[in-house]
Each structure stands twice: as structure tokens, then as C-alpha cells.
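Working notes, beginning with the structure itself.
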Amino acid sequence: MEYKKPKGTRDILPNNYAVWQLMEAKAKDVAGRFNYAQIRTPTFEDASLFLRSVGDSSDIVNKEMYIFKDRGDRVMALRPEGTAGVVRAVVENGLLNEALPLKLFYFANCFRYENPQAGRYRELSQFGVECFGTQSPNADVELILLGKSFLESIGIKNTTLQINSIGCKTCRAKYNQAMRDFAKENNNQLCPDCKRRAEQNPLRMLDCKNTDCQKILQNAPKLKDYLCDECNQHFAEVLKGLDTLGVEYEIVDTLVRGLDYYTKTVFEFENEVDGKKMAVGGGGRYDDLVAEISGKSCPALGFACGLDRLESLVDKNLIQNKPLALIVNAGQVSTAQVLPIAQKIRNLGYNVECNLAERSFSAQMKYANKINADFVFIVGDEEIQNGTITIKNLKTGEQTTKKL
Ligand code: AMP
């Protein structure tokens, strides 16, 4: 049998890994500058954690979750997103009793049983950040700035920031009722999913991909007409903060995002990936989620970027490779004899390879070109006798002999 990778998954091969290392290094660097600390949580959790948080009316939970019974009959799920696990970890480990705001970042592989296509995979990698313990609109502004700074740090240009406010529980209740009434009036024309959404979570109707529904929903009640004073003021302050920082945005009043836990601010970063506009990152506030999971209320917000979608947009000129040297053993000198020398050179900060394939001198020189080495360090009988090495710079052809 010839094995193939599972549908919708990817092999990130060594020739492309420098891009991933750059994304991860820059993400860590930028998160660090905003004083976010790293956290890692399990790849799978109790399935009910996602049902309660991401929401059983969302496509992610309803249609796309990898859910299974383990050998102890527990119903588990591969995480479809990063936030729920982080909230669970923060509550379980009592981190909310420490200094607030608590600011955390993570890298997580997430799993969604989606229809695979360009930029849409069944296993996806996210860089995410979460901030707990503040209601301030300035936290929303800083979060967006963090996302933007990360995208800029990997050389991504032409990102559009789309933003909206979906309100709090109070204003949402009124909006949901208006949407239910609207759905009743237009019931015959709505797709089966929207009929279900109208019952479970009417807000989700705005996210329907069905073109007929989209047309009908153009006349649906607008969220912004239902926001309470506090939500209106919060949104105005977020926009003012972005204006002050010169961060451009587009208000999109149908932007609701695919997860049920959001409140107030929601946003997405959009770029053209392989000729198609798509979200490269997104997030928002989720002021009720901690209470939903733990019973203890704590305002919070966060976002995640999809690294798979960013991969092709990264500016490759930002990748800095360390010089690579091949230690070539010549004459009677064996590979075993050069291993200690290789170690010394590694300690100087070079990437060093030795003649592990036991090639002849000329085959080693050919191999050095094949692996695109910057230098060969030749160690032959004479060099051993004099305590020297001969250094050839393969880029300039220059050759010198140095004391070891
Ligand atoms: P979400 O967790 O849905 O808020 O998504 C956050 C980001 O993850 C999105 O903006 C995308 O960049 C990325 N993403 C979401 N779903 C997928 C997928 N199926 N394949 C690749 N990237 C994805």
C-alpha cells in the first residue's frame, strides 16, 4: 500500500521550513514586546468544552469537529481552535488570581473537518494571543496593534482590517428577536442551515455562504441599530484609538465571525492569498466566555492568525541563514578525527556538517556545492601536523590557512 497524507493536511518540508521558523520567531518576538507570555495546552480536550464555548450552533462545532470516544469512553475532541483550551487552562490553574491583565500567546495546531481547498485545511496552525481581566477599549486597540505588528514583522503588506461590534448579551437579545422575526417573514426563502440558525443563534445567519440567503439578508435588521449605549461607546473608543494610532480599518456590519463566544469588538485581517481574498487572522472580545466555562466572570479578548495562509505571503528576504561549513577530511585524516574540530567551529556559531557518508576528497568538495555550503574547512595530514585548518570560501573562492 502506498501511503498518502490524510485529505486536507500538509507536509511542511525542510526546504520551506525557514519560513515557518521566521513566522514563529517573529510571533514570539512581537508577543514578547507586548509582554505576552507563552502557554501550551493539550491538542484534545473534553468535547463539551468546545460545545459550551465555541458554541453548538457554530459550523466549527456542529459540522467540523473531530470528535471521538477514547478507550475510557470519554467524549473528546481535537481542538478546533485555541481559545477554549487556554481559558480552561487559565481557570484550572488559578492564573486569574494572579496579576491582571493576564496576557498569553500560543502556537496551536487545530482541526476542522472542512472541505479542503486553497487556504483551507483540516489541520491548521495558529498563532494566537489572549488577554484576560480588562474591559478597557484600549485593550482592544492594543490587541489589534499586536496583530498588525506581527503581520508587518514578517513583511506582509496590503492587509485590510475589518471591524465590527456585535454587542453584549443585552443588546444581542433584542437583535436576536428582530432576526427571528425577520427569519419568520422570510422562512420559505432561507436555506435549512439558516432556519436552524434562526432558532439557535440568529446572529450566525449573517455569516451564511449561500448566495440566495445573502441576498435576502441584505434587508435583515442591522446590528448597529441594536447596540446598547455601553457597547456603542466601547466601539467608538476602539475606533478612536485606532484612528489615533493611524491604523486604517473598514467597518463591516455583517462581520460576526465563526465562533459563538464573541461580544462587542470583532475583527479580521484580510489579505490576498494565492489570488483569493481571505482572512489571515481574526478575533475579538469574549467577555462572557470565562463565566460560561468557570462561573467566575472575567472580561477577555484575543485573536489568532492562520500560519498556513501567511506562509506564501512572508517576505523571504527576512530569512537569515547562519553560514554553513562542511568539514572536509583529506589524506589520511578520518572523519572521526575531525569531529572535535567540527564541534569547536559549531561553538563559534556556524552550522557545520562532517563527512558522515565517508566520501573521497573530491566527492566531498562536490557535495559542499550541492548542499550550498558557504565554506569548506579542510583538515588534511599537513593541517593536523601544524595545528591549522584550510578555509575555502566557496562564494568568493578565497582560501586561507589559519591556526586552529
Ligand atoms: P478562527 O479560529 O476561525 O478565528 O480563525 C483564525 C484564523 O485561522 C483565520 O483567520 C485563518 O487565517 C485561519 N484558519 C481558519 N480556518 C482555517 C483552515 N481550515 N485552514 C487554514 N487556516 C484556517
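We did not get these values from a lab; they are worked out from the coordinates using the rules stated. Worth saying up front: this structure is predicted, and the values here are computed from it rather than measured. Here the Cβ is made from the backbone with ideal geometry for all residues, glycine too, and neighbour counts use every protein chain on show.
Worth pointing out:
- Computed helical MRE - 222 nm, the chain, DSSP H runs ≥ 4 contributing -39500 (n - 2.57), nearest 500: -10500 deg cm²/dmol
- Ranking of M23, M1, M179 by count of other Cβ atoms within 10 Å, fewest first: M1, M23, M179
- Entry for region 322-403 at q = 0.18, 0.24 Å⁻¹: log10 I(q)/I(0) = -0.66, -1.26, Debye formula applied to identical alpha-carbon scatterers, no solvent contribution.
- Its convex hull of Cα atoms gives region 1-73 a direction-averaged projected area, equal to a quarter of the hull surface, of 8.8 nm².
- Local electrostatic count at L404 - Lys and Arg +1, Asp and Glu -1, tallied over other residues with Cβ under 10 Å: +2
- Packing-based exposure ordering (other Cβ within 10 Å, fewest first) of V87, V273: V273, V87
- Tail fraction, Cα-Cα pairs, region 93-167, threshold 15 Å, whole percent: 71 percent
- Taken over region 322-403, lysine pairs spaced eight or more positions apart, or on distinct chains, with alpha carbons under 16 Å apart number 10.
- Counting only residues at least eight positions apart within a chain, or on another chain, the lysines with an alpha carbon under 22 Å from that of K195 are K63, K169, K174, K184, K209, K215, K222.
- In the chain, Cα pairs under 8 Å separated by at least six residues give a relative contact order of 16 percent.
- 0 to 90° range, to nearest 10: angle between helix 169-185 axis and the chain longest Cα axis: 70 degrees
- Taking the centroid of alpha carbons for each part, region 82-137 and region 289-313 are 4 Å apart.
- Relative to the longest principal axis of the Cα atoms of the chain, helix 361-370 runs at roughly 20 degrees.
- Annotation for A18 and L404: the two label points, set 7 Å from Cα along the Cα-Cβ direction, are 3.1 nm apart.
- The residues packed around R74, meaning those with a beta-carbon under 14 Å from its beta-carbon, carry a net charge of -2 if Lys and Arg are +1 and Asp and Glu are -1.
- Cα-centred dipole magnitude for the chain, charges only on beta-carbon of K, R (+1) and D, E (-1), debye, nearest 20: 660 debye
- Remark: spin-label model distance Y249-A37 equals 2.9 nm, labels positioned 7 Å along the Cα→Cβ axis.
- Volume per residue of the convex hull around the Cα atoms, evaluated for the chain, comes out as 212 Å³.
- Ranking V280, T9, P299 by Cα position along the charge dipole of the chain, where only Lys, Arg, Asp and Glu carry charges on their C-beta atoms, puts T9 farthest toward the positive end.
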